[in-house]
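A short write-up of the structure that comes next.
The values are calculated or read from the model by the stated rules, or taken from the named source; none is laboratory data. Everything numeric here is computed off the predicted structure, so don't read it as measured data. In this analysis, Cβ positions are derived from the backbone assuming ideal geometry, glycine residues included, and neighbour counts consider all displayed protein chains. The accessibility values were calculated without ligands, DNA or RNA, using every heavy atom of the protein model including side chains. Shrake-Rupley method; radii C 1.70, N 1.55, O 1.52, S 1.80 Å.
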Protein chains: 2
Amino acid sequence: MPVEWQPVQQSRTHELVLRSIEERVFAGELRAGDRLPPERELAPVLGVSRSALREALRVLETIGVLVAQPGRGPDAGARIVRNPDDALGRLLRLHFALGSYSLHDVLEARVVLERSSFEGAACHAPDEDLDEAEELVAGMAEPGIGVSAFNDLDTRFHVLIARSSGNALTSTLTSAVRESVRPLILRALEAAEDWPATARALNAEHRTLLTLVREGSGPEAADLVEWHIRGLHGTLVEGPTGPTGPTGPTGPTAP
Amino acid sequence: MPVEWQPVQQSRTHELVLRSIEERVFAGELRAGDRLPPERELAPVLGVSRSALREALRVLETIGVLVAQPGRGPDAGARIVRNPDDALGRLLRLHFALGSYSLHDVLEARVVLERSSFEGAACHAPDEDLDEAEELVAGMAEPGIGVSAFNDLDTRFHVLIARSSGNALTSTLTSAVRESVRPLILRALEAAEDWPATARALNAEHRTLLTLVREGSGPEAADLVEWHIRGLHGTLVEGPTGPTGPTGPTGPTAP
DNA sequence: CGGCGCATGTGGTCGGACCACAGAACCGGC
DNA sequence: GCCGGTTCTGTGGTCCGACCACATGCGCCG
């Protein structure tokens, strides 16, 4: 049994186009900032219809590798860009909603990633980022803050720390994972018995976290953020992210 | 400065369609295994052309939440599925090739994720997975194994451990991150001065790792895999371009 | 010389047509 | 009555041609 069987190469046209463009990217011939030829030119060059080409471009667009602008001028047309965050966020959100990942899995991933984020931030977070984080924490400490606004600021706080850790990849992953459970956290906060007390408790943790990061206590910050996340997730319940509908994402799963 | 400005909501038709379908997923109305109406029916219902609908479906397909099959019968049509791995892999590969992430970032992410994988595997990896891992390690120990085959087996080994750790999300992330640097590792192995010795050294680590996992020594396995990964990445060089050679799909079986 | 409008080029959308494929239904022979 | 092959039907996949919206840039006209 040397090598497992591979699914035969599907040859849908737009996939071939996609592969062709991908190869140019891998080969370094297409780099961020470069512009693709106009669709009406590129399609016949590749030997496909404009529709097929457009579907391939759409794929690249959703991956965050391409943006397209109509009009005329230096900014018009299809340009190669680097914007993975939106794509990754949408991917994880959808799959979490579909039940590809259990809440427990997401919790563990968050713990692992954010521990790394805070350790990294304690080492080399620029002061201006920490100042901005301070503002976010202050915003969350506003008395009478709404659950939704708190959730927004909390998300931005964690994402900001991740970004300031100096690692773009873990930052993106952290952000996407945090976003994917955002609706659940929102529901949990809304269901909190004593919301002001909950907010105060979370804020105390945020302040301590920030202090630890400022003084460079990476391991301590990592431990605290793990406790912070586990505590919050303990109040979450697994369920459809939407407002209605019974549970039971126990459908048959993909291999 | 209450809230930052947000880019105005683009209203490209296919994005609206996408949003509409996404909402159904978030609301739990569309679940894995469900089938969408045929394109020719759905398009007029949504009030868009078939092309616009198809572009939205293509997006969902690249995200890994949809598959489409022509023909007739229970398996035909567009079905909701859960297959995030391919999508995530393609996303990270492209962005790594574009330089969205530095090699150092990927290294750190690998360390963080795989530490978690091995710790999880030490706790609850099923024996059959470990047996399969044993086979992979044995395959890598074959004398005279080629660099490419070794790289294949090595990838499968790390991905298998990740999967057996019981966390689908970190498993997917681990796999995608490992895949994204696969071409670089391949080049590094090819450039190794004494390849057989290198292979022997890596294999010794693999065997020790597997032993540690079997006996449930999670932290020790985590430390060792960190050392294992850092050692290998230390030999990598940040290649401006990527994976495959100048042209061609360079079949993975090239001797 | 300056302002205004049209020509141009871009992506975005649409409708229709045809193709390939695979199950389903049908019909014939046995 | 059963089995076989043939035809029908419905699905996604592709292609074509046309038009739309928009932003730029040029040229015309005042």
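Structural remarks
- For region B:6-81, the calculated P(r) over all alpha carbon pairs, in 10 Å bins from 0 to the bin holding the longest distance, is 19, 53, 25, 3, 1 percent.
- Of A:L46, A:A197, A:I21, farthest towards positive along the dipole that unit charges on Lys, Arg, Asp, Glu beta carbons give chain A: A:L46
- Given charges at beta-carbon only (K, R positive; D, E negative), |dipole| of region A:40-143 in Debye: 1220
- Taking the Cα centre of the protein assembly as shown as origin and assigning +1 to Lys and Arg Cβ atoms and -1 to Asp and Glu Cβ atoms, the resulting dipole is close to 2200 debye.
- Calculated accessible area for the protein assembly as shown comes out at 48 Å² per residue, all protein chains present (probe 1.4 Å; ligands, DNA, RNA ignored).
- Low-density loop positions, GluC sites (Glu not before Pro), region A:96-203 - DSSP coil, at most 10 other Cβ in 10 Å: A:E193
- Note on the protein assembly as shown: dipole from Cβ charges, positive end direction compared against B:A138, B:L184, A:A222; the farthest Cα belongs to B:L184.
- The alpha carbons of chain A give a radius of gyration and a Dmax of 22.2, 66 Å, in that order.
- Overall, chain B carries a charge dipole of about 1180 debye about its Cα centre when +1 sits on the Cβ of Lys and Arg and -1 on the Cβ of Asp and Glu, all other atoms neutral.
- To the nearest 10, the accessible area of B:F26 is 60 Å² with a 1.4 Å probe.
- Using distinct alpha-carbon pairs, which all enter the 1/r mean, Kirkwood radius of region B:88-160 in Å: 14.1
- Placed amide H near B:D34: partners under 5 Å, 5+ positions off or other chain: B:I80
- Rolling a 1.4 Å probe over the protein heavy atoms leaves B:D131 with an accessible area of roughly 80 Å².
- Equivalent-ellipsoid semi-axes of region B:106-241, from the Cα gyration tensor, Å, largest first: 22, 17, 13
- Summary value for chain B: 20 percent relative contact order, contacts being C-alpha pairs under 8 angstrom separated by 6+ residues.
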